[in-house]
Structure formats: C-alpha cells, structure tokens
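Peer 1: The structure that follows is given in the form of structure tokens.
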Amino acid sequence: MSTQTLQDSSYRTIGYIETEYDGRQVGKDASYRVVGYYYPQSNETKDASYCTVGHGNLLASLITCPR
C-alpha cells in the first residue's frame with residue numbers, strides 16, 4: 001500500500017490518498033477520516049456513504065482545506 005500526501009499552497013497537509021494492492025484508492029482528510037473511494041475496475045468515485053460521485057478519479061476534489 002502506498003500513500004500520497006496532498007498539501008495546499010502553504011504546504012499544509014489537507015489529506016491523503018492511499019492506494020491498496022488491488023488498485024482501489026481511499027481518500028482521507030487531514031484527520032484521517034475517509035471521504036471517498038475510487039474503484040479503477042469500474043472507473044467510479046464514491047463518497048464515504050458509497051454514493052457514486054462521478055466517473056474517473058475524483059478523490060482529490062472530495063478533500064477540502066480545513067478552515
């Protein structure tokens with residue numbers, strides 16, 4: 001499993017994208033709360049409630065900057 005750290009323009013961590021061995025990706029916010037999933041086999045992104053958000057990898061758009 002690999003982890004990609006997402007940062008804002010001030011280099012503050014805003015989230016993480018973890019890639020599982022099967023290619024599935026899990027998006028997490030800066031507090032490690034799951035915000036969504038990407039399934040490469042179906043090319044769909046789903047939110048934390050497993051509702052389809054759209055086609056393609058949209059995980060980065062689900063991770064927002066903390067205020």
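The values are calculated or read from the model by the stated rules, or taken from the named source; none is laboratory data. Since the structure is predicted, the reported quantities are computational estimates derived from the model, not experimental observations. Every residue, glycine as well, gets a Cβ built from its backbone with ideal geometry; the counts of neighbours run over all protein chains shown. The protein model used for the area step is the full one, side chains on, heavy atoms only, and it has no ligands, DNA or RNA in it. Shrake-Rupley method; radii C 1.70, N 1.55, O 1.52, S 1.80 Å.
Peer 1: Ile63: accessible area at probe 1.4 Å, nearest 10 Å²?
Peer 2: 10 Å²
Peer 1: While we're on this one: Computing the accessible area with a 1.4 Å probe over protein heavy atoms, can you report the carbon and sulfur percentage for the chain?
Peer 2: Percent of accessible area from carbon and sulfur atoms in the chain: 48.
Peer 1: Per residue, how much accessible area does the chain show when a 1.4 Å probe rolls over the protein heavy atoms, in square angstrom?
Peer 2: 66 Å²
Peer 1: I'm spelling it out carefully: the read-out is mean projected area of the Cα convex hull in nm², the candidates are (1) 4.6; (2) 4.0; (3) 5.3, and one was derived from this structure. Which label?
Peer 2: Given (1) 4.6; (2) 4.0; (3) 5.3, the calculated one carries the label (1).
Peer 1: Give me the net charge for the shell around Ile17: Cβ to Cβ below 12 angstrom, other residues only, Lys and Arg +1, Asp and Glu -1.
Peer 2: Neighbour charge sum, excluding Ile17 itself: -1.
Peer 1: Gain in length, Gln7 to Ala48, computed as 0.36 nm per residue apart minus the alpha-carbon separation, to one decimal in nm?
Peer 2: 12.7 nm
Peer 1: Can you figure out the FRET efficiency of His55 with Tyr32, using R₀ = 22 Å and their beta-carbon distance, to the nearest 0.05?
Peer 2: The formula returns an efficiency of 0.25 here.
Peer 1: Residues with beta-carbon under 11 Å from that of Gly54, excluding Gly54: net charge, scoring Lys, Arg +1 and Asp, Glu -1?
Peer 2: So the environment of Gly54 carries a net charge of -1.
Peer 1: Continuing with the same structure: In deg cm²/dmol, rounded to 500, what helix-only [θ] at 222 nm does the chain give when every DSSP H run of at least 4 residues adds -39500 (n - 2.57) and the total is split over its residues?
Peer 2: -1000 deg cm²/dmol
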